1. For the chain, with a Gaussian network of springs between Cα atoms less than 10 Å apart, report the residue from K138, K15, K202 with the top mean-square fluctuation.
2. So the label point goes 7 Å from the Cα of S260 along Cα→C-beta, right? Which residues of segment 270-297 then have their backbone N under 14 Å from it?
3. For the chain, modelled as a Gaussian network with Cα springs under 10 Å, which listed residue fluctuates most, M179, M143, M128?
4. Pairs to check: K15/K106; K106/K127; K106/K224; K15/K138; K228/K288. Give those whose C-alpha atoms are more than 18 Å from each other in this structure.
5. Can you give the helix-only mean residue ellipticity at 222 nm for the chain, where every DSSP H stretch with n ≥ 4 adds -39500 (n - 2.57) and the sum goes over all residues, rounded to the nearest 500 deg cm²/dmol?
6. Looking only at the chain, where both bridge partners belong to it, what percent of the DSSP beta bridges are antiparallel (to the nearest 5)?
7. Mind putting together the pair-distance distribution for the chain? All Cα pairs, 10 Å bins, whole percent per bin, short to long.
8. Could you give the longest part of the chain that holds none of the GluC sites (Glu not before Pro) found in DSSP loops with at most 13 neighbouring Cβ atoms within 10 Å?
Amino acid sequence: MKIFSWDDVLTSKVKEFINNFYTRQGADSGVPGNAAGLLTEGGSALTVGGFDGPHRGHRALCASVIKEAKNRSLVPGLITFTRSPRSFKQKADYEGDISTLRLRLKVLEEWGFAFAVVIDFSADFSKMEGYEFLCVLKDLCAMRFFGVGEGFRCGRNHAAGEDEISSFAQEHGIVCSFMPLQVESGTRISSSLVRRYVRSGKLNEAKELLGYPFQIDCFQFDTKFEEKAGRVHALLTAKTDEILQLLPPSGLYPVRIFASLSGQDICFDTDVHTDSSVLRQEVPAVYKNCLFDRIGF
């Protein structure tokens, strides 16, 4: 999956990528093999969102967009943000990110997107009118299909909702779809609910909504190995004063460690002690000095 910035959009780099996308073959395209080597009319199928998690609701939406891209011979892409826009708009009440940008993009690539535009949400970006935003997607991302969740709004003061987006789409010959929100046991699946579950230590409930175990990105930590009485422990200490990704309550949890050693991917099960900025776990001696990637709860 090719990653672009908003500046790349404005300088037509994304449009160039889309126009050349299906003329590339195999590994040269940088996309999953089932998408390579096809012909396209030169357009994209897009979705927009923070995709913090991402959770099962996001997956259903993304699957529908990728399916439409395949059926219409379009390039599947997404517009997302370095952090959830809520972290900017609701700083006082925001609990933290479920996942880091690195892990989110990893999941979204596995789901089959060909490219992602990552926006650093800011005060300036929040002032963009919805119509202007949609025009940029149409003109500079060659948008031909637009799929988002019900209730989606964009632009300054969230002024552009389903009516405005539908009108824009009809005016410019774009197909748009507003997917019903996913529900679990009568409750809407949302990133906010996943955050509450993780923050309260209800990790099994979080797993049900995510569709996979909650994961901590180890790239946020410095790792130090300690050996005592023939046992090896890894101490992961936060690189900065503030971890942007939320952590479960302090305690002892069974986890699976994903790491690499001498260029080979490895994984092993252990228990991790969590604190506000420190993680500690025992490591098999054979894996001493491995490079931690992520911890699955």
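Read-outs throughout are calculated quantities, based only on the coordinates presented, and are distinct from any laboratory measurement. Source: prediction; values computed, not measured. Cβ atoms come from the backbone with ideal geometry, glycine included; neighbour counts cover every protein chain shown.
1. K202
2. The answer is 290-294, whose backbone nitrogens lie closer than 14 Å to the label point.
3. Residue with maximal mean-square fluctuation among M179, M143, M128: M128.
4. Values: K15/K106 23 Å; K106/K127 30 Å; K106/K224 26 Å; K15/K138 10 Å; K228/K288 13 Å.
Too far apart for the 18 Å limit: K15/K106; K106/K127; K106/K224.
5. Details: 10 runs with 88 residues, N = 297.
Rounded to the nearest 500, it is -8500 deg cm²/dmol.
6. Values: 39 of 62 bridges.
The answer is about 65 percent antiparallel.
7. Reading the bins upward from 0: 6, 25, 31, 23, 12, 3, 0, 0.
8. On the way: sites that count: E41, E150, E242.
Answer from the scan: 42-149.
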